[in-house]
Amino acid sequence: FLERGSIYYCENLKLLSGKSEITIRNKYILILQGGGYFKNSNKVNILLGTKEKTDFDNIYPHDILIKASHNGFLLDTKFNCAEIYIMHKVDVLKSEYKFKLDDNDMDEIGKKIILGLQIV
């Protein structure tokens, strides 16, 4: 089953949008939910990573920038924590697993999600 904080590289990412699918090419994704509780679910919540415009001038309060030297990213990668997407778990499992973010990164991402979705 998937682990929270896992990073995958998807070449033809299919996001679920209502009753249709949107295909996006070549993106890192971050798994937001995982473990035994979600093992029977056929969908998973993710964040999309982008390599574009990752300089500090384009970082919003709800974004998190993971530097290339951290973990296994080849380039600085930004995740917008205000936009959570859904995709089929089977599509994630067909993608290339890269690495898993540590608990400190995931705690920071959790705070950014709360901020970005205005949960408080």
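What FRET efficiency comes out for the pair Ile114/Ile86, r = Cβ-Cβ distance, R0 = 25 Å, nearest 0.05?
For R0 = 25 Å, the calculated efficiency reads 0.85.
Taking 0.36 nm per residue of separation and subtracting the Cα-Cα distance, what length does fully extending Asn104 through Asn40 add?
Taking Asn104 through Asn40 to full extension adds about 20.3 nm, to one decimal.
Restrict the search to segment 1-41; then list the trypsin sites (Lys or Arg not before Pro) that DSSP places in a loop and that have at most 16 other Cβ atoms within 10 Å of their Cβ.
Numbers: sites: Arg4, Lys14, Lys19, Arg25, Lys27, Lys39; in loops: Arg4, Lys19, Lys39.
In loop regions of segment 1-41 (DSSP not H, G, I, E or B), the sparsely surrounded trypsin sites (Lys or Arg not before Pro) are Lys19, Lys39.
Ignoring ligands, DNA and RNA, please state the percent of accessible area on the chain from carbon and sulfur, probe 1.4 Å. Intermediate values should be presented prior to the final figure.
Working: 3580 of 7310 Å².
The value for the chain is 49 percent carbon and sulfur by accessible area.
From Cα pairs below 8 angstrom and at least 6 apart in sequence, can you work out the relative contact order of segment 40-120, rounded to a whole percent?
Answer for segment 40-120 is 36 percent.
Divide the volume of the convex hull of the Cα atoms of segment 1-68 by its number of residues and quote the answer in cubic angstrom per residue. Walk me through the numbers on the way to the answer.
On the way: hull volume 8.2 nm³, N = 68.
Spelled out: Cα convex hull of segment 1-68, divided by residues, is 121 Å³.
Would you mind checking Lys27/Lys67; Lys39/Lys67; Lys43/Lys78; Lys19/Lys67; Lys19/Lys51; Lys19/Lys94 for any pair whose Cα atoms are more than 26 angstrom apart?
Beyond 26 Å: Lys39/Lys67; Lys19/Lys67; Lys19/Lys51.
Mind grabbing the accessible area of Asp107 for me, 1.4 Å probe, Å², rounded to tens?
90
Counting only heavy atoms of protein chains, what accessible area per residue, in Å², does segment 6-97 have with a probe of 1.4 Å?
I get 58 Å² per residue for segment 6-97.
So how compact is segment 21-120: Cα radius of gyration and Dmax in angstrom?
Rg and Dmax of segment 21-120, Cα atoms, are 13.6, 41 Å.
Starting from the residue with the highest accessible area, list Leu65, Leu15 in decreasing order, probe 1.4 Å.
Most to least solvent-accessible, the answer reads Leu65, Leu15.
Once every DSSP H run of n ≥ 4 in the chain is given -39500 (n - 2.57) and the sum is divided by its residues, what mean residue ellipticity at 222 nm do you get, rounded to the nearest 500 deg cm²/dmol?
Roughly -4500 deg cm²/dmol at 222 nm, from the helical runs in the chain.
Please give the length that would be gained between Lys51 and Glu3 if that part of the chain were fully extended, namely 0.36 nm times their separation in residues minus their C-alpha to C-alpha distance (nm, one decimal).
15.0 nm
The values are calculated or read from the model by the stated rules, or taken from the named source; none is laboratory data. Keep in mind it's a predicted model, so treat the numbers as computed, not measured. Cβ atoms come from the backbone with ideal geometry, glycine included; neighbour counts cover every protein chain shown. With ligands, DNA and RNA removed, areas are computed over all heavy atoms of the protein, side chains included. Shrake-Rupley method; radii C 1.70, N 1.55, O 1.52, S 1.80 Å.
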